[in-house]
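The values are calculated or read from the model by the stated rules, or taken from the named source; none is laboratory data. None of the values given here were measured: they were computed from a predicted structure. Neighbour counts run over all protein chains shown; Cβ positions are idealised from the backbone, glycine included.
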Amino acid sequence: MLFCGILLEKELNKIEKLRHKIDATDIQLVKLLNNRAGFADEIGKIKRKLKLPVYVPSREIDVIANVQATNPGPLSDQAISRLYERIIDESRRLEKENQDKRDLKGT
């Protein structure tokens, strides 16, 4: 019975350590996603200045294909695709929101 208690405590400690790793990873992901959104916004500014289309479906297809090609798992390519579709949607929303703000300011 003592062995089961020690094993249980060891496994619970392992869970706690893994949760800390997840929390640290989440913090890094948020920073990286914000960096990505900032880069997308800058691209949007340049495209508007050059009168280029902001929405380019082929680019979004390329982004998803690129991340799928570098996906080592355990997430499936379909899961990666769904995540990136949401990331791209949010980047597009942010670009539009920031452009609307700039339009109101006249810049």
Read through the list (1) out of contact with any Ser or Thr (no Cβ under 8 Å at 6 or more places or on another chain); (2) modelled with pLDDT under 95; (3) assigned to a helix (DSSP H, G or I); (4) of a type in the set (A, V, I, L, M, F, W, C), then give the number of the only condition that L52 fails.
(3)
Go through region 66-78 and give me each residue that's surrounded by 13 or more Cβ atoms within 10 Å (Cβ to Cβ) and either in a helix (DSSP H, G or I) or in contact (Cβ under 8 Å) with a residue 60 or more places away in the chain (or both).
V67, Q68, D77
Kindly establish whether G38 is surrounded by 10 or more Cβ atoms within 10 Å (Cβ to Cβ), in a helix (DSSP H, G or I) and touching a helix residue (DSSP H, G or I) at 6+ places or on another chain (Cβ under 6 Å).
no
Residue satisfying all of: in region 1-49; among the β-branched types (V, I, T) and more than 22 Å from E90 (Cα to Cα); modelled with the lowest pLDDT among these:
I6
Matching option when the condition is closer than 22 Å to N34 by Cα, touching a residue at least 40 places away in the same chain (Cβ under 8 Å) and of a type in the set (D, E, K, R), among E85, E95:
E95
